[in-house]
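Taking it in order: structure first as structure tokens, then the write-up.
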Amino acid sequence: MKDILRISVPLTVWLAAFSAVYGLEGLVCSHRWAEAGLSLAAGRGILLAAWALAVALQTMLLLVLRSPRFASPSGFARSVSLTLAGVALVATAWTLLPVAATSLCL
Amino acid sequence: MNALRRHRALTRIWASDPGWKGWFTTVNHTDLGRMFLFVAVFFFVIGGILAMLIRAQLATPRSAFVGPDIYNQIFTMHGTIMMFLFAIPLFEGLAVYLLPKILGTRDLAFPRLTAYGFWCYVFGGSLLIVSLLAGIAPDSGWFMYPPLSSRIASPGINTDFWLLGITFVEISAICASVEITVTVLRYRAPGMSLPRMPIFAWYALVTAVMILTGFPPLILGSILLELERAFGMPFFQVEHGGDSLLWQHLFWLFGHPEVYIIFLPAAGVVSMILPVMARTTLLGYGWIVAAAVTLGVLSFGLWVHHMFTTGIPHMGLAFFSAASTLVAVPTGVQIFAWIGTIWKGSPQLKLPMMWILAFFATFVIGGLTGVMVAVVPFDWQVHDTHFIVAHLHYVLVGGFVFPMLAALYYWMPHATGRKRFFKLGETAFWLISIGFHVTFLAVHWVGLLGQRRRIHTYDEGQGWEVINLVASVGGFVTAVGFALVIVDVALNAAVAIRGSRDPWQAGTLEWAMPTPPPAYNFASLPLIESRNPLYDDPDLPVCLVRGEGYLGDPSRGRRETLTLEVASGKPAYVVIFPTNTALPILMAFVTGGIFVGMLLKLYWLVPLAALGVAAIVVRWVWSLGSKRDEGPLEVGRGLTLPLASEAADPPGWWGSLFLLLANATLFGSLLFGYAFLWTVAPNWPPPNYLEPGLVGPALVLGGTALSMAGIRLARWKLRCGGGPWLGLLLSVVGAVGTGMAAGTLLLRTSFDAHAYSATIWVIGGYVLFHAGLVGGMITFLTLRAAAGYVAGRRVGEARIVQLWIDYTAAVALLGLGVAWLPGVLT
Ligand code: HEM
Ligand SMILES: [Cu+2]
């Protein structure tokens, strides 16, 4: 069961981060954001911070899964989990790139 | 004991009832797998006939073949049948038939659940077919967008058939997935560690977990839309605080994973068959596992690409465009691993291989059009045109139907024990693959020329006539090909000559048993040391028949199999399976009362049927377990293992765990819907928010704490050999408190005033339902303890109940918390 977790956690964290940032963007662009007296620039800043945080989290997961304490004893599970942690890192960097690259609420 | 006597003894123990009665009482996975496959093919034929009607209508401009009303029903039912009644059940059938055999075990984890799921599928599917025959079939497209499917635009019963029928059928998908997940994780031959699993098992595992997390959003959406239609709870009506886009989110949150739920099993089949056809082993096993998991998870982050034209801000679109292009990478990894496998081996062009090549060509094209429509500006041009229709048929037919035909021809000798003699299949291959491409290349083209999907007719002079005619001709050629396949299979199953046990010289375990397979699969269970046991030891089948593996001694006279520790493959405990019973079909029938009651607005029937289901469940579960500890059992080869009922984590605990995963996804989707409406629905805030007061919060805090503490006290007492009564009492009182807290929500809001209060009702109802459920479970546990089933080492049931209590406490605190939150903040 632990090996199943090692294999499934990194991408699940990607999914959570991805959905959270999408939700956050929805919030920033909704009337609630303006009503709370916040600017769009602040929204962009928060989104960028969320992106950076997600990337940092994935990097940490990758390192943790390599560390002797948490790495799987089975060679197969170790290589699959590390591959997937790498994939999750790339996926986080790539799929959330739009927070820096596109218009916010157009 | 010699092989023949062992065979006779095991058959006596495992066989289904003889004669027609056996159909209704069987719990055997081989039988049920075949029944699933047969029914799925039956629905495929109906869906195919509808497809022919569509192509007949579109063949010429201004066609008077059918009018718009009928046409709407035809294309809606075509899509619905193919997705829900054909593709998913076909995967379930394949997995039900195959998994225990390739994993080297004797049945799936919960045999009666397999049967229950099957009958729910049959009854739910029949409901939809009845509507089709009566001319009142659903007609708002297979994705049922409101407001088109709302009561105002669709006042008839048509949409209700869809919402209720499909939800009924989805029970079977959820049952099958719980089953598959637990089976793959725990029911394998000794020694089969994770990396030694046949690759299809990985795909089935990923697919099953995807069903558990992908179907609940749609189930929730269907419940909400049905509540709106039946009782006027306005979740999707903008003027009352709802939002029709919420449906699109919920639908595609299911819908996109769904397309991968369909594709992944097919990829699993290809990964099983291709190496055998190429006379080699699979290249890059670990990479393929990684790719399958990646696809499974990534596909949950793509749903908005079906909503590119709904006015979502560009940044939102860009997230999903980026994620959509990314999925091409793991798909590519698999394709390259397959090409490498062919490269490394010496491929032989037998019929299954021909279908795999057809799959490659077709699926790659479909994947490429997929990347095209993943690019937002391109999609804005082609959305809702026939280009999309062509894309989805390339990936679904190329990526699912073709591999399934490969599977059909590959495993047919296994199921029938016969050698293919009549060679209609080759002719059918050419008819289908040429016919398909003629049809759908043309459909791409006419889509680019601007033909919208779901139009019942079109005018001359737009340059569409010839293309549509060509597409229709191709369609009929394809249909003739499929008819030929069915004839071919029927002939070969009925009259061909007997074949050898392992006709393809494959290395996986399903070929280590006699064919057609006996009811017990393996006379004794093998010890696994590699991924292709038959290549290591060609004599394995003989040793197994001689009873030299595990559990080869049938003298205990009951249906026994082994489970493993998840990762290492070390044997863990012995499971005793239930015997033949009509309870599953009965329970599916009574479950149908809930849906029929809603459909016909006979609301009194709904609680009555629910009570009936509860009664049957009690009867069902009561028959498990035993009143005394048996201690460790001899399982052969010098190994002794405890019984599952004396283990801390019996199969039921694992089943509950994955059922709760699906349940938690449903609840999560509900909270998502609430948050979505709160942020973007135009007519918010509602006239007033619910104030928590003091009683509700006190009840829920006290209730959840009490029930959680109570069950722990009971378990502690059981461990020390004492009576669990006080703990169980506290725990039931706690459940009542939790239920009352949820009740305050219902009492203090009106369900149809605003989407906000309707949502509060659903949250309250959800928590109330769970409080009632665990209340019932605790009562049941009390009776079990009183009857002597829960004592000594047999305390697994208490742990199962604890799992449900903890879950209920979590959803109660979270659900009621967010329900009260806006009231606290304003
Ligand atoms: C590279 C992989 C893929 C990408 C990037 C992709 C992308 C897309 C996009 C963007 C759409 C929406 C187009 C629109 O409605 O305007 C779409 C529709 C669709 N795709 Fe794919 N797709 C891929 C693979 C698949 C696979 C493997 C399947 C099924 C096995 C599939 C089945 C469908 C279906 C059923 C629809 C249409 C749903 C409907 O509108 O009724 N796709 N695809
Ligand atoms: Cu999609």
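Derivation of every value follows stated rules applied to the coordinates shown; laboratory data play no part. All values derive from a computational prediction rather than experimental measurement. Every residue, glycine as well, gets a Cβ built from its backbone with ideal geometry; the counts of neighbours run over all protein chains shown.
Worth pointing out:
- Rg/Rh for segment A:2-100 stands at 1.12; both radii use Cα atoms, and Rh follows the Kirkwood definition.
- C-alpha center-to-center spacing [segment A:53-106, segment B:156-208] in angstrom: 28 Å
- Relative counts (whole %) of C-alpha pair distances in segment B:370-420, using bins that are 10 Å wide: 23, 31, 20, 14, 11, 1
- Taking trypsin sites (Lys or Arg not before Pro) across segment B:28-129, the ones in a DSSP loop with at most 14 further Cβ atoms lying within 10 angstrom of their Cβ are B:Arg62.
- Rounded to the nearest 20 debye, the dipole magnitude of chain B is 2340 debye, with +1 charges on Lys and Arg beta carbons, -1 on Asp and Glu beta carbons, and the Cα centre as origin.
- Environment charge of B:Ala230, counting only residues whose C-beta is closer than 15 Å and scoring Lys/Arg +1, Asp/Glu -1: -1
- In straight-distance terms, cross-link reach from B:Lys717 covers every one of the lysines whose alpha-carbon lies under 29 Å from its own, apart from those fewer than eight places away in the same chain; here that gives B:Lys627.
- Its DSSP H runs of at least 4 residues, each contributing -39,500 (n - 2.57), put the calculated 222 nm mean residue ellipticity of chain B at -22500 deg cm²/dmol, to the nearest 500.
- Both the radius of gyration and Dmax for segment A:1-48 are 15.5, 47 Å, in that order, over alpha-carbon atoms.
- Our compactness index for segment B:678-746, the C-alpha radius of gyration over the empirical 2.2 N^0.38 Å, is 1.63.
- Net charge in the neighbourhood of B:Tyr756 (other residues with Cβ under 15 Å of its Cβ; Lys, Arg +1, Asp, Glu -1) is -3.
- Calculated over segment B:374-462: convex hull of Cα atoms, volume per residue (Å³): 128 Å³
- Along its principal axes, segment B:12-118 has C-alpha extents of 63, 29, 17 angstrom, given from the largest down.
- Whole-number D in µm²/s for segment B:685-825 (Stokes-Einstein; Kirkwood sum over Cα pairs; 20 °C, 1.002 mPa s): 138 µm²/s
- Global geometry of segment B:606-742, whether rounded, prolate or oblate, following the gyration tensor of its Cα atoms and the 1.5 cut on a/c: prolate
- Longest to shortest principal axis, alpha-carbon extents of the protein assembly as shown, angstrom: 81, 77, 59
- Summary of the geometry: segment B:764-806 and segment B:720-744, compared by the centres of their Cα atoms, lie 10 Å apart.
- Dipole moment magnitude, nearest 20 debye, segment A:2-100 about Cα centre, only Lys, Arg, Asp, Glu C-beta charged: 360 debye
- Each 5 Å bin from zero holds the following percent of Cα-Cα pairs in segment B:179-244: 4, 14, 17, 13, 9, 8, 8, 8, 7, 6, 4, 1, 0.
- Kirkwood hydrodynamic radius of segment B:327-366, Cα pairs, Å: 10.9 Å
- The order of B:Glu92, B:Glu510, B:Glu226, B:Glu239, going from fewest to most other C-beta atoms within 10 Å of their C-beta, is B:Glu239, B:Glu226, B:Glu510, B:Glu92.
- Taken as Cα centroids, segment B:390-414 and segment B:609-685 sit 33 Å apart, rounded to the nearest whole angstrom.
- Extent of segment B:523-668 along its three principal axes (Cα atoms, max minus min coordinate, largest first): 62, 35, 29 Å.
- In whole angstrom, segment B:291-364 maps to an equivalent ellipsoid with semi-axes of 34, 13, 9, each derived as √(5λ) from the alpha carbon gyration tensor and ordered largest first.
- The Kirkwood hydrodynamic radius of segment B:171-294, based on inverse pair distances between different Cα atoms, is 16.7 Å.
- Amide H partners (placed H, <5 Å) of B:Thr385, local residues excluded: B:Arg453
- Using θ = phi - 60° and Karplus 6.51 cos²θ - 1.76 cosθ + 1.60, couplings along segment B:733-741 (whole Hz; Gly, Pro as x): 4, x, 5, 4, x, 4, x, 5, 4
- Net charge dipole, the protein assembly as shown: roughly 2560 debye, given to the nearest 20, about the Cα centre with Cβ charges of +1 for Lys and Arg and -1 for Asp and Glu.
- Both radii come from the Cα set of segment B:461-590: Rg as radius of gyration, Rh as Kirkwood radius; their ratio Rg/Rh reads 1.20.
- Under the span-like rule (Cα at least 24 Å along the axis, Kyte-Doolittle mean at least 1.6), DSSP H helices of chain A: A:40-66
- Note on chain B: the alpha carbon radius of gyration divided by the globular reference 2.2 N^0.38 Å gives 0.96.
- For the pair B:Trp716 and B:Met1, the difference between a 0.36 nm per residue extended length and the Cα-Cα distance amounts to 252.8 nm.
- Neighbour-count order for B:Arg420, B:Arg151, B:Arg619, fewest beta carbons within 10 angstrom listed first: B:Arg619, B:Arg151, B:Arg420
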